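For reference, the structure is listed below as structure tokens.
The values are calculated or read from the model by the stated rules, or taken from the named source; none is laboratory data. Note that the structure is a prediction, hence the values are computed from the model and not measured. So basically every Cβ, Gly included, is an ideal-geometry build from the backbone, and we count neighbours across all protein chains shown.
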Amino acid sequence: MSESAFILYGSSISLYTGKARAYLRFKNVPFVEKDITPEVMEKIGYFMIPVLETPEGELVQDTTEIIDYLENRIPGPSIYPEDPVQKLCALLLEVYGDEWLVIPAMHYRWTYNKDYILVEFGKRFVPDGTQEEQYNFGKKASAPFREKIPFLGINEDSKPSIETWYEELLGHMNMHFENREYFFGSRPSIADYGLMGPLYAHNYRDPWSGELMRRLAPNVVRWIDMMNTPEPHGGEFETSVDVTLEPIMKRLFSECIPVMVSTCEAVANWLDENPKPAEIPRFIGTFPVKIGDSTPERAILPFNQWMFQRPLNYYQSLTGDDKSEVDSFLERMGGLELMQTQLRYQLTRENYQLVVKE
């Protein structure tokens, strides 16, 4: 196998490309990064980045599937801790990054960094154009992304709550990274990659939010820099979950995970009414969610369930002392009852589409 034949189709401004790129660097996988082509989009069936092309020409789409594909193929230390509490936290934090931190990522990008990011979008289409030409092209190209903002629960009422929550999170992370390189020690885990996406490509890289992060959370900036330039295959996991992680986990269980649970209920109800669909739509309605002191409407995104299944199924597979240890931790974090959720349907992905698992 020629490892150099891996191709990552992505973009420097793409949230999820940042997650996949950092993982490839840690696993020391030689790759080239390119813009996605019409041929790749035709095979996937829609525009979505990142996509990984293997040396054999196989396409792997979605960062979680890219990471798990390479975990099973490329030798080296795993990014999944063996300790049950750490592993559950890591899986939950990936959900937090992928499905919840996209809220402040999109808010800060399109509220405070809009002029900058429109030019960045435009550079992909007219790299030699004037700044005005790039801005105008960027405005057209970015329209599908900007249109998604209200579907995430971002509106004028929720923006202050989003900023309060995000700045509190930066403070908690800054404290957690005071004495460690990554979430669970000197080796990155799936938690680090989940949070890397929104915190790097949007909130670190975009100028206004980047200045905010440097001012409020220099240890988070240091963590991002290490994620982008990791020591390949290096580091170890700690033997326990540090107390400095607990405020982050408590916030996760107070806002993010209730929405994941409600999404699972909504998906089950939709599937009761729409049995055996060929594929599940990207959204199936809206419902109110809690973000700080606000309760905006948010799209019901079945993909949220697909991600939440990972920590939920792992937790529900535990037995004996492992389960007792995890239950004790969950009770302290306020998440024990939420993790008892029983799914009436399991989701899976086939041919790059979300379907019901048989």
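Inspect all residues belonging to region 17-25 and state whether any of them is in contact (Cβ under 8 Å) with a residue 24 or more places away in the chain and surrounded by fewer than 19 Cβ atoms within 10 Å (Cβ to Cβ).
Yes, region 17-25 contains at least one residue that is in contact (Cβ under 8 Å) with a residue 24 or more places away in the chain and surrounded by fewer than 19 Cβ atoms within 10 Å (Cβ to Cβ).
I need the full set of residues from region 217-239 which are touching a residue at least 12 places away in the same chain (Cβ under 8 Å), among the charged types (D, E, K, R) and in a helix (DSSP H, G or I), in order please.
222
Can you run down the residue pairs with Cβ atoms below 6 Å, 6 or more apart or on separate chains, where the first is in region 45-60 and of a type in the set (D, E, K, R) and the partner is surrounded by 10 or more Cβ atoms within 10 Å (Cβ to Cβ)?
53/7; 53/59
With the requirement that a residue be part of a loop (DSSP other than H, G, I, E, B), under 21 Å from residue 346 (Cβ atoms) and among the hydrophobic types (A, V, I, L, M, F, W, C), what does region 262-292 give you?
Initially, region 262-292 is screened for residues part of a loop (DSSP other than H, G, I, E, B), giving 274-285, 289-290, 292.
So of that shortlist, the ones also under 21 Å from residue 346 (Cβ atoms) come out as 274-285.
Matches in region 262-292: 278, 280, 283, 284.
Here is a check on your reading of the model: is residue 308 under 21 Å from the mean Cα position of the chain (by Cα), surrounded by 14 or more Cβ atoms within 10 Å (Cβ to Cβ) and part of a loop (DSSP other than H, G, I, E, B)?
Working: under 21 Å from the mean Cα position of the chain (by Cα): yes; surrounded by 14 or more Cβ atoms within 10 Å (Cβ to Cβ): yes; part of a loop (DSSP other than H, G, I, E, B): no.
No; evaluated as a whole, the condition is false for this residue.
Scan region 240-261 and give yes if some residue there is of a type in the set (S, T, N, Q), assigned to a loop (DSSP other than H, G, I, E, B) and closer than 25 Å to residue 183 by Cα, otherwise no.
Yes - at least one qualifying residue is present in region 240-261.
Go through region 275-328 and give me each residue that's of a type in the set (Gly, Ala, Ser), touching a residue at least 12 places away in the same chain (Cβ under 8 Å) and at positive phi.
Once the filter is applied, which keeps residues that are of a type in the set (Gly, Ala, Ser), touching a residue at least 12 places away in the same chain (Cβ under 8 Å) and at positive phi, region 275-328 yields 285, 292.
Quick test of your reading of the structure: residue 121 fulfils all but one of (1) in a helix (DSSP H, G or I); (2) modelled with pLDDT of 90 or more. Name the failing condition by number.
Looking at each condition in turn, residue 121 falls short on (2).
Looking only at region 147-156, decide whether some residue is more than 26 Å from residue 250 (Cβ to Cβ), surrounded by fewer than 22 Cβ atoms within 10 Å (Cβ to Cβ) and among the aliphatic types (A, V, I, L, M). Spell out the reasoning first.
Taking region 147-156 and keeping what is more than 26 Å from residue 250 (Cβ to Cβ), we get 147-151, 156.
From the residues that got through so far, the ones that are surrounded by fewer than 22 Cβ atoms within 10 Å (Cβ to Cβ) too are 147-151, 156.
Applying the additional criterion that residues be among the aliphatic types (A, V, I, L, M) yields 149.
Within region 147-156, one or more residues are more than 26 Å from residue 250 (Cβ to Cβ), surrounded by fewer than 22 Cβ atoms within 10 Å (Cβ to Cβ) and among the aliphatic types (A, V, I, L, M).
Within region 98-118, how many residues are touching a strand residue (DSSP E or B) at 6+ places or on another chain (Cβ under 9 Å) and not in a helix (DSSP H, G or I)?
As a first pass, look at region 98-118 and keep what is touching a strand residue (DSSP E or B) at 6+ places or on another chain (Cβ under 9 Å): 103.
Those left that are additionally not in a helix (DSSP H, G or I): none.
Qualifying residue count, region 98-118: 0.
Quick grid of which residues meet (1) under 21 Å from residue 35 (Cα atoms); (2) among the β-branched types (Val, Ile, Thr); (3) out of contact with any Lys or Arg (no Cβ under 9 Å at 6 or more places or on another chain):
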{"position": "126", "(1), (2), (3)": "yes, yes, yes"}
{"position": "131", "(1), (2), (3)": "yes, no, yes"}
{"position": "135", "(1), (2), (3)": "yes, no, yes"}
{"position": "143", "(1), (2), (3)": "yes, no, yes"}
{"position": "148", "(1), (2), (3)": "no, no, yes"}
{"position": "151", "(1), (2), (3)": "no, no, no"}
{"position": "156", "(1), (2), (3)": "no, no, yes"}
{"position": "165", "(1), (2), (3)": "no, no, no"}
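Restricting attention to region 61-90, which residues are aromatic (Phe, Trp, Tyr) and without any contact (Cβ under 8 Å) to a residue 24 or more places away in the chain? It would help to see each step written out before you state the result.
Start the filter on region 61-90 by keeping residues that are aromatic (Phe, Trp, Tyr), which leaves 69, 80.
69, the sole residue that qualifies.
For region 187-216: of the residues being outside any helix (DSSP H, G or I) and touching a Phe, Trp or Tyr at 6+ places or on another chain (Cβ under 8 Å), which is farthest from residue 104 (Cα to Cα)? Walk me through how you get there before you give the answer.
Applying the first criterion (outside any helix (DSSP H, G or I)) to region 187-216 yields 187-189, 203-206.
Adding the requirement that they be touching a Phe, Trp or Tyr at 6+ places or on another chain (Cβ under 8 Å) leaves 187-189, 203, 206.
Values: 187: 26, 188: 23, 189: 22, 203: 8, 206: 12 Å.
Of everything passing the filter in region 187-216, 187 is farthest from residue 104 (Cα to Cα).
Quick check on region 220-227. Is at least one of its residues among the basic types (Lys, Arg) and more than 19 Å from residue 99 (Cα to Cα)? Talk me through it step by step, then tell me what you get.
So in region 220-227, the residues among the basic types (Lys, Arg) come out as 222.
Narrowing the set further to residues that are more than 19 Å from residue 99 (Cα to Cα) leaves 222.
So far as region 220-227 goes, yes, one or more of its residues are among the basic types (Lys, Arg) and more than 19 Å from residue 99 (Cα to Cα).
Looking only at residues that are touching a helix residue (DSSP H, G or I) at 6+ places or on another chain (Cβ under 9 Å) and of a type in the set (Phe, Trp, Tyr) in region 30-87, which one is nearest to residue 242 (Cα to Cα)?
The extreme case among them is 80.
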